[in-house]
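In what follows, a single structure is set out as structure tokens and then discussed.
Bear in mind these aren't lab numbers, they're just calculated from the coordinates by the rules spelled out. Quantities reported herein were computed from a predicted structural model and do not represent experimental measurements. For neighbour counting, all protein chains shown are included, and Cβ atoms are generated from backbone atoms with ideal geometry for every residue, glycine included.
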């Protein structure tokens with residue numbers, strides 16, 4: 001069984017591994033935006049959004065985008081801000 005401390009350490013590692021842009025994409029995806037809508041919101045191409053989602057999927061060790069959102073929610077990644085990384 002995984003202890004609370006191990007879970008917290010794993011969460012911290014994932015948060016640090018996601019780039020600020022990947023975290024933005026993740027938060028927008030969680031709000032239900034499509035690739036095209038995310039691209040418009042961030043001023044990037046839809047294919048770039050797909051690349052970010054692929055990177056996020058790999059970092060969270062998920063098989064699909066639905067699982068990404070479930071894992072991210074379970075780890076508290078959707079409630080956290082990135083302010084501490086922008087020192």
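Taking other Cβ within 10 Å of each residue's Cβ, how do 28, 18 sort, fewest first? Intermediate results must be reported in sequence, preceding the final value.
Details: 28 18, 18 21.
If I rank by nearby Cβ atoms, fewest first, I get 28, 18.
Calculate, in nm to one decimal, what residue 55 and residue 36 gain on full extension: separation in residues at 0.36 nm each, minus their alpha carbon distance. Before the final figure, lay out the partial values.
Values: separation 19, 0.36 × 19 = 6.84 nm, distance 1.76 nm.
Result for the pair: 5.1 nm of gain on full extension.
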